[in-house]
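**Student:** Sharing a structure with you now.
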Amino acid sequence: MGLDIMVGTRIDGDGPRKELSLVQDALAAAGLPAWHEPEPAGSARRDYEMWGYGGLHELRRLAAHRAATGALPKPLGDSTRATADPLLAAEYVHGPRHAVAVSAGPGGPRVIGSPGDAAGGFDHLVHHSDCDGYYVPVDFAPVLVDERITGAYVGSSQRLLEECRGLAALMELPEDLDPWSDEMEEAVEDPLPGGAAWRRHGVAAFTCLQLIAAARHSVGTGTAIVFW
């Protein structure tokens, strides 16, 4: 099994309808703008193949280092997992710098941190399930947290796009590069020690391009990104 990303979920069953209803309720409870999945969303559906869970964590590792040190890390060794990186592990433990947590219980939403705390970070990319959950095409700063929703974290497609574009620029990664091109395959299979950073971080670069494409499609069609 591995990570798959879909934009434009089908809502022709009770399960998807209930999930999207919970997302809408959470947005409202947090005081964030309303959103509704277009019907039929399936007409806008696109699927984006990822480099498994590991590819997502490799891109998040770059984000964690950029936020903490201002620079990209050295490429991973063949036997090293991105999740073993101390800076990324610490980021996962810390949680998002700015979030709004809502629940079905009494009391209003709980605000965590502030936009200033999250400045220069990558909350929407890093603080999201690696196997489940949603990004919705609503521009909001705090990560939305609701344990009733699959994956618990709901991110903004606009913020995901912004954060991934920032990492692409840092890697000197052309956003119009075909992720299935021979150039990208070479960067993934046989990274070069010199040149642009994306050629040394091929798996992260591939993941970045796929997330940029998914986020753009989400924003352009008004449909959610679904991790599954």
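**Student:** Just wondering, is there one or more residues in region 157-165 that are free of Cβ contacts under 8 Å to residues at least 40 places away in the same chain and either within 17 Å of I212 (Cα to Cα) or surrounded by fewer than 20 Cβ atoms within 10 Å (Cβ to Cβ) (or both)?
**Tutor:** Yes, region 157-165 contains a residue that is free of Cβ contacts under 8 Å to residues at least 40 places away in the same chain and either within 17 Å of I212 (Cα to Cα) or surrounded by fewer than 20 Cβ atoms within 10 Å (Cβ to Cβ) (or both).
**Student:** Output the residues belonging to region 69-103 that are among the aliphatic types (A, V, I, L, M), in a loop (DSSP other than H, G, I, E, B) and free of Cβ contacts under 8 Å to residues at least 40 places away in the same chain.
**Tutor:** A71, L76
**Student:** Just wondering, is there one or more residues in region 104-126 that are in contact with a helix residue (DSSP H, G or I) (Cβ under 9 Å, 6 or more places away or on another chain), over 20 Å from R165 (Cα atoms) and assigned to a helix (DSSP H, G or I)?
**Tutor:** Checked region 104-126: no residue is in contact with a helix residue (DSSP H, G or I) (Cβ under 9 Å, 6 or more places away or on another chain), over 20 Å from R165 (Cα atoms) and assigned to a helix (DSSP H, G or I).
**Student:** Still on this structure, I have one more. Return the residues of region 84-102 that are of a type in the set (G, A, S) and surrounded by 15 or more Cβ atoms within 10 Å (Cβ to Cβ); say none if nothing qualifies.
**Tutor:** Hits for region 84-102 are G95, A99, A101.
**Student:** Being among the hydrophobic types (A, V, I, L, M, F, W, C) and either modelled with pLDDT under 95 or over 19 Å from the mean Cα position of the chain (by Cα) (or both) is the filter here, so list the residues in region 100-111 that pass it.
**Tutor:** Within region 100-111, V102, A104, V111 meet the criteria.
**Student:** Could you pull out every one of the helices (runs of 4 or more DSSP H) wholly within region 127-208 that has 1 or more residues that are acidic (D, E), within 30 Å of W35 (Cβ to Cβ) and within 15 Å of the chain's Cα centre (by Cα)?
**Tutor:** Because the criterion is at least 1 residues that are acidic (D, E), within 30 Å of W35 (Cβ to Cβ) and within 15 Å of the chain's Cα centre (by Cα), the helices (runs of 4 or more DSSP H) in region 127-208 that meet it are 157-170.
The values are calculated or read from the model by the stated rules, or taken from the named source; none is laboratory data. Keep in mind it's a predicted model, so treat the numbers as computed, not measured. Please note: Cβ atoms are built from the backbone with ideal geometry, for glycine as well, and neighbour counts cover all protein chains shown.
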